[in-house]
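K.L.:
Below is the structure I would like to discuss, written out as structure tokens.
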Amino acid sequence: GRPSLAAAAGRRWEEWHAGDDAYRAALATALLVYSHGRQVAHNVAAPAFRINASGDVDTATAAAWATALRSPAVAALTPALSVWLYSRSYGRGHGNGDALRHLLDRHGRPPPRCHAYLSSDASMIPRTRVALQGTYRRLPVSMLAGDVDEGRRLLALARGGDASPRVIACPVDVGRMPLAVTRRGRTVGACAACRYCLPAAGAAGDVIFVQR
């Protein structure tokens, strides 16, 4: 029979890690360029690409995406490609426990047009607070909480008592937007319609995801 999606994904993951750093960077670049081309071919005005569906990355993966996102091939894409990710791979010592730093430059900034979020929840507040005081001070936070009020409280704790400069609750999680949105005869995903987490210009703000 036909291979399952999980089996195909597993093989792709094995292939990804079987190569060296140069191979992974080239593959990441090719994925970004291919995705951009497919979106433009379907008349998407603001192409976007999310890195990793899960909240964890390893050092090799973060380094590959960092190289790809700063490559001439990606920089030359028109219209520009916006990229975003949410990650828990920070503040846990060295290696994969702090892999997200490999995506950042020496000033703690992600690549151009890339918005990297520190994922957090009630169990991670001390780790997130320390991260925001150091290498990751420029990054926004995505907070998972039971409701919006709890999310705001946890964000304040993570930021050392300071109110977040800008924060919203994910509109899908609070019932203000469906998973798919149809506008002017075109159906797009909620993230592409909202774009709060991947603004075309400027820094992204904090976001609260409500557990459902």
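The values are calculated or read from the model by the stated rules, or taken from the named source; none is laboratory data. The structure displayed is predicted, hence computed values, not measured ones. Quick reminder, even Gly has a Cβ in these numbers, built from the backbone with ideal geometry, and neighbours come from all protein chains shown. To get the accessible areas, we keep the full protein, side chains included, count just its heavy atoms, and leave off ligands, DNA and RNA. Shrake-Rupley method; radii C 1.70, N 1.55, O 1.52, S 1.80 Å.
K.L.:
How about segment 120-199: which helices (runs of 4 or more DSSP H) wholly inside it have at least 1 residues that are modelled with pLDDT of 95 or more and either among the polar types (S, T, N, Q) or surrounded by 13 or more Cβ atoms within 10 Å (Cβ to Cβ) (or both)?
P.N.:
Ranges flagged: 125-132, 148-158.
K.L.:
Just a yes or no: is a residue in segment 119-132 free of Cβ contacts under 8 Å to residues at least 24 places away in the same chain and of a type in the set (S, T, N, Q)?
P.N.:
Quick first cut of segment 119-132, residues free of Cβ contacts under 8 Å to residues at least 24 places away in the same chain only: 123, 126.
Subsequent filtering for residues that are of a type in the set (S, T, N, Q) retains 123.
Yes, some residue in segment 119-132 is free of Cβ contacts under 8 Å to residues at least 24 places away in the same chain and of a type in the set (S, T, N, Q).
K.L.:
Can R92 be described as charged (D, E, K, R), under 30 Å from A73 (Cα atoms) and open to solvent by 30 Å² or more (accessible area, probe 1.4 Å)?
P.N.:
On the way: charged (D, E, K, R): yes; under 30 Å from A73 (Cα atoms): no; open to solvent by 30 Å² or more (accessible area, probe 1.4 Å): yes.
For R92, the condition - charged (D, E, K, R), under 30 Å from A73 (Cα atoms) and open to solvent by 30 Å² or more (accessible area, probe 1.4 Å) - is not met.
K.L.:
Now, a different point. With respect to A192, is the statement that it is touching a residue at least 12 places away in the same chain (Cβ under 8 Å) and out of contact with any Leu (no Cβ under 7 Å at 6 or more places or on another chain) true? I'd like the intermediate steps shown before the answer.
P.N.:
Numbers: touching a residue at least 12 places away in the same chain (Cβ under 8 Å): yes; out of contact with any Leu (no Cβ under 7 Å at 6 or more places or on another chain): yes.
The answer is yes for A192.
K.L.:
Of all residues in segment 53-79, which are without any contact (Cβ under 8 Å) to a residue 60 or more places away in the chain and either of a type in the set (D, E) or in a loop (DSSP other than H, G, I, E, B) (or both)? Talk me through it step by step, then tell me what you get.
P.N.:
Of all residues in segment 53-79, those without any contact (Cβ under 8 Å) to a residue 60 or more places away in the chain come to 53-54, 56-79.
Answer for segment 53-79, where residues must be without any contact (Cβ under 8 Å) to a residue 60 or more places away in the chain and either of a type in the set (D, E) or in a loop (DSSP other than H, G, I, E, B) (or both): A53, S54, D56, V57, D58, R70, S71, A76, L77, T78, P79.
K.L.:
Being in a helix (DSSP H, G or I) and either in contact with a Leu (Cβ under 6 Å, 6 or more places away or on another chain) or within 16 Å of W65 (Cβ to Cβ) (or both) is the filter here; which residues of segment 85-119 pass it? Let's see the steps before the verdict.
P.N.:
Within segment 85-119, the first condition is being in a helix (DSSP H, G or I), and the residues that meet it are 95-103.
Across segment 85-119, the qualifying residues are N96, D98, A99, L100, R101, H102, L103.
K.L.:
Which count do you get for residues in segment 103-119 that are among the small types (G, A, S) and either surrounded by fewer than 18 Cβ atoms within 10 Å (Cβ to Cβ) or more than 17 Å from A62 (Cα to Cα) (or both)? Break it down into steps so the answer makes sense when it comes.
P.N.:
Looking only at segment 103-119, we keep the residues that are among the small types (G, A, S), and these are 108, 116, 119.
Still in the running and either surrounded by fewer than 18 Cβ atoms within 10 Å (Cβ to Cβ) or more than 17 Å from A62 (Cα to Cα) (or both): 108.
Here the count works out to 1.
K.L.:
Taking segment 11-25, which residues are touching a residue at least 12 places away in the same chain (Cβ under 8 Å) and either more than 15 Å from T59 (Cβ to Cβ) or more than 20 Å from the chain's Cα centre (by Cα) (or both)? Before the answer, list the steps.
P.N.:
Of the residues in segment 11-25, the ones touching a residue at least 12 places away in the same chain (Cβ under 8 Å) are 16-17, 21, 24-25.
Those that are touching a residue at least 12 places away in the same chain (Cβ under 8 Å) and either more than 15 Å from T59 (Cβ to Cβ) or more than 20 Å from the chain's Cα centre (by Cα) (or both): H17, D21.
K.L.:
For segment 200-212, which residues satisfy the criterion of being touching an Asp or Glu at 6+ places or on another chain (Cβ under 7 Å) and either at pLDDT 95 or above or buried (at least 17 other Cβ atoms within 10 Å of the Cβ) (or both)?
P.N.:
Looking only at segment 200-212, we keep the residues that are touching an Asp or Glu at 6+ places or on another chain (Cβ under 7 Å), and these are 209-210, 212.
Once the filter is applied, which keeps residues that are touching an Asp or Glu at 6+ places or on another chain (Cβ under 7 Å) and either at pLDDT 95 or above or buried (at least 17 other Cβ atoms within 10 Å of the Cβ) (or both), segment 200-212 yields F209, V210.
K.L.:
Further question: Please specify each residue of segment 38-50 satisfying the condition of being under 13 Å from the mean Cα position of the chain (by Cα) and in contact (Cβ under 8 Å) with a residue 40 or more places away in the chain. Step through it out loud before you land on a result.
P.N.:
Taking segment 38-50 first, the residues under 13 Å from the mean Cα position of the chain (by Cα) are 48-50.
Result: A48, R50.
K.L.:
Counting just the residues of segment 44-55 that are surrounded by 15 or more Cβ atoms within 10 Å (Cβ to Cβ) and not aliphatic (A, V, I, L, M), which one comes out nearest to H94 (Cα to Cα)? Steps first, please.
P.N.:
Keep residues of segment 44-55 that are surrounded by 15 or more Cβ atoms within 10 Å (Cβ to Cβ), which gives 44, 47-51, 55.
Pick out the ones that are also not aliphatic (A, V, I, L, M) and you get 47, 49-50, 55.
Details: P47: 34, F49: 27, R50: 25, G55: 17 Å.
Selected residue: G55.
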